[in-house]
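The values are calculated or read from the model by the stated rules, or taken from the named source; none is laboratory data. Remember, it's a predicted structure, so these values are computed and weren't measured experimentally. For neighbour counting, all protein chains shown are included, and Cβ atoms are generated from backbone atoms with ideal geometry for every residue, glycine included. Surface accessibility is based on the protein's heavy atoms, side chains included, excluding ligands, DNA and RNA. Shrake-Rupley method; radii C 1.70, N 1.55, O 1.52, S 1.80 Å.
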Amino acid sequence: YDFLHDSMLYPSRSMEHPPVEANVLFDISVVVPTYNRASKLEMALSYFDNLKGRDDIAWELIVVDNNSTDQTKAVVENFIKKSGFPTRYVLQKQPGTSAARNAGIAVAKGRWIAFVDDDCYVDMTWLESLYKSIQEHHDIIGIGGSVLLFNKSDKYVCIKTDTTKHTI
């Protein structure tokens, strides 16, 4: 699992073709694609409950189920019942992370779209930091950031910190 201080953030539509205001209800849409990771997803979703500024920022959470065969749908439905912010479940039957992300983009109502993986835990200040960056830098077209490892055994698989070869 990884802690995200920042993640990828993009404008939801081309700046040449700004969104129709009636379709924009939020500043940020957060898309979480997932496939057969119900237990990891449940933990990842719990971190959204503790975000600083979550009640002060217009945002939504969209979980895109990439046709899971485990309890993913039930995990998301239970989370929706107890979450105090707009959260949606989307089923995407076409396999692949790209298809899931695109399904999230298609239903997003935010001016900006952020992507978070289903095995990542967002830092408490993550949403505030994204929102602050958007407000301060109107000309940005994307934001990327660091990932701090929670599971140190992921280190050599996920993040290259030196040039030494490691056997996995």
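Those strands (runs of 3 or more DSSP E) of the stretch 41-152 in which 1 or more residues are farther than 14 Å from ILE28 by Cα occupy 59-65, 87-91, 120-122, 147-149.
Restricted to the stretch 109-122, and to residues there that are of a type outside the set (A, V, I, L, M, F, W, C) and modelled with pLDDT under 90, the residue that is most open to solvent (accessible area, probe 1.4 Å) is ASP119. Restricted to the stretch 39-57, and to residues there that are open to solvent by less than 40 Å² (accessible area, probe 1.4 Å) and aliphatic (A, V, I, L, M), the residue that is nearest to ILE113 (Cα to Cα) is ILE57. A search for C-beta distances below 6 Å between a residue of the stretch 81-93 that is without any contact (Cβ under 8 Å) to a residue 60 or more places away in the chain and surrounded by fewer than 17 Cβ atoms within 10 Å (Cβ to Cβ) and any residue that is of a type outside the set (A, V, I, L, M, F, W, C) and part of a strand (DSSP E or B), counting only pairs 6+ apart in sequence or on different chains, returns LEU91/ASP65.
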